[in-house]
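Student: Before I ask anything, here is the structure I am working with.
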Amino acid sequence: MVTRHSIELALPGATIGAVAGAMAGGLTLFVGAPTGVALLSALALTLPLCFFGGLYGVLLGRGVFRPGTFGPAGLYWMAAFPLSRLTQEGVAGVGMADGVLWFLVYQAMVSLGFAIGFIWLHERLMPHWLMRIAGGNPRAKELLGLYIGHAQALQGRKGGRR
């Protein structure tokens with residue numbers, strides 16, 4: 001069941017996914033695609049990236065992912081990004097010249113770059129958002145505690161090297 005608390009945890013990741021999808025659609029327009037095709041392409045990528053970005057935040061709040069780790073999130077995006085691109089190509093694409101398998105393999109490789117950018121942005125936005133909603137959201141309060149603990153551990157390591 002989707003609750004208000006889960007939706008609040010999903011907002012930063014969903015926003016990042018939406019912006020990334022819209023930017024990719026803008027690039028489609030930039031390379032000369034007709035406006036209608038570019039808009040359809042942007043929407044077809046924005047919706048799944050928004051969904052998977054939001055789901056990442058919910059899973060983070062449930063403890064599936066931990067702040068400051070890349071490995072599990074990278075694997076998550078190795079599945080989610082190719083599915084998002086496959087949706088985009090299925091709705092607005094011109095086809096996959098080398099077939100679906102090679103398309104998905106290539107998108108899985110590209111997804112790690114997307115994952116790095118997504119995680120970097122998410123790690124910068126999420127703590128600020130959690131501070132804002134922690135008063136009325138127990139999951140947010142707990143997750144904020146994890147972020148604070150992670151920051152303190154990093155600060156302790158940094159102080160120990162001096």
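The values are calculated or read from the model by the stated rules, or taken from the named source; none is laboratory data. Fair warning: this is a prediction, and the values are worked out from it, not measured in the lab. Methodologically, a virtual Cβ is constructed for each residue, glycine included, from the backbone with ideal geometry; neighbour enumeration extends over all protein chains shown.
Student: Within the bounds of the range 10-31, is there any residue that is without any contact (Cβ under 8 Å) to a residue 12 or more places away in the chain, closer than 14 Å to residue 117 by Cα and hydrophobic (A, V, I, L, M, F, W, C)?
Tutor: yes
Student: Spot the failing condition for residue 132; the list is (1) of a type in the set (D, E, K, R); (2) closer than 26 Å to residue 4 by Cα; (3) loosely packed, with under 13 Cβ neighbours inside 10 Å, and only one is missed.
Tutor: In the conditions (1) of a type in the set (D, E, K, R); (2) closer than 26 Å to residue 4 by Cα; (3) loosely packed, with under 13 Cβ neighbours inside 10 Å, residue 132 misses (3) alone.
Student: Right, another one. Could you identify the single residue in 118, 65, 103 that is farther than 18 Å from residue 11 by Cα and of a type in the set (Phe, Trp, Tyr)?
Tutor: Only one candidate qualifies: 103.
Student: Just checking: which of the helices (runs of 4 or more DSSP H) contained wholly in the range 1-115 hold 3 or more residues that are touching a Cys at 6+ places or on another chain (Cβ under 7 Å)?
Tutor: Details: elements: 4-30, 35-61, 71-92.
Because the criterion is at least 3 residues that are touching a Cys at 6+ places or on another chain (Cβ under 7 Å), the helices (runs of 4 or more DSSP H) in the range 1-115 that meet it are 4-30.
For (1) modelled with pLDDT of 95 or more; (2) touching a His at 6+ places or on another chain (Cβ under 7 Å); (3) buried (at least 20 other Cβ atoms within 10 Å of the Cβ), each residue gets a yes or a no:
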{"residue": "51", "(1), (2), (3)": "yes, no, no"}
{"residue": "90", "(1), (2), (3)": "no, no, no"}
{"residue": "94", "(1), (2), (3)": "no, no, no"}
{"residue": "98", "(1), (2), (3)": "no, no, no"}
{"residue": "101", "(1), (2), (3)": "no, no, no"}
{"residue": "115", "(1), (2), (3)": "yes, no, yes"}
{"residue": "139", "(1), (2), (3)": "no, yes, yes"}
{"residue": "145", "(1), (2), (3)": "no, no, no"}
{"residue": "157", "(1), (2), (3)": "no, no, no"}
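Student: Tell me the residue from 92, 44, 80, 73 that is in contact with a Pro (Cβ under 9 Å, 6 or more places away or on another chain) and closer than 17 Å to residue 107 by Cα, please.
Tutor: 80
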